[in-house]
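Each value in this text was obtained by applying a stated rule to the coordinates, not by laboratory testing. Just so it is clear, the structure is predicted and the values come from calculations on it, not from any experiment. Because the Cβ atoms are built from the backbone with ideal geometry, glycine has one as well, and the counts that use them run over all protein chains shown.
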Amino acid sequence: MEAFNRQDVDTLAALYTEDAVNYQVAEAPVVGRDEIRAMFAAGFASAKMVCLVENLFEDGEWAVLEWRDPLGLRGCGLFHVVEGRIAFQRGYWDKLTFLRQHGLPVPLD
């Protein structure tokens, strides 16, 4: 969370395996450490994101993070950690609320 909150994309990317998958359910899955680094860089360029830990649970190679941000958005992430690096991540959060909170355009589908 410290690297996320200081928008340190290199440190964040280093937490993932080379072929990791980061699947934020409001977005298409992102595959590979370099693409995950680019995803974080693009996200930080578009909005000031801060993650505050609500709960963190761990069981073997799996962890669950429940989080919130200062604007009131809440979400959770599931992490599969293999040999100290994230191999798979799935995140659940409300994209419409996020876009509105940050004054970003809402796509019309």
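Before moving on, here are some points about what is shown:
- Degrees between helix 33-46 axis and first principal axis of the chain (Cα, 0 to 90, nearest 10): 30 degrees
- Phi-derived couplings, Karplus 6.51 cos²θ - 1.76 cosθ + 1.60 at θ = phi - 60°, listed residue by residue for the stretch 97-107: 4, 4, 4, 5, 4, 9, x, 8, x, 9, x Hz, with x used for Gly and Pro.
- Within the stretch 52-95, GluC sites (Glu not before Pro) in DSSP loop having at most 11 other beta-carbon neighbours inside 10 Å: GLU83
- Computed per residue of the chain from DSSP H runs no shorter than four, each worth -39500 (n - 2.57), the mean residue ellipticity at 222 nm is -7500 deg cm²/dmol.
- Entry for the stretch 2-101 at q = 0.12, 0.20, 0.21, 0.23 Å⁻¹: log10 I(q)/I(0) = -0.36, -1.11, -1.23, -1.50, Debye formula applied to identical alpha-carbon scatterers, no solvent contribution.
- Long-range HN-HN contacts of VAL81 with modeled amide H, under 5 Å: TRP62, ALA63, ALA87
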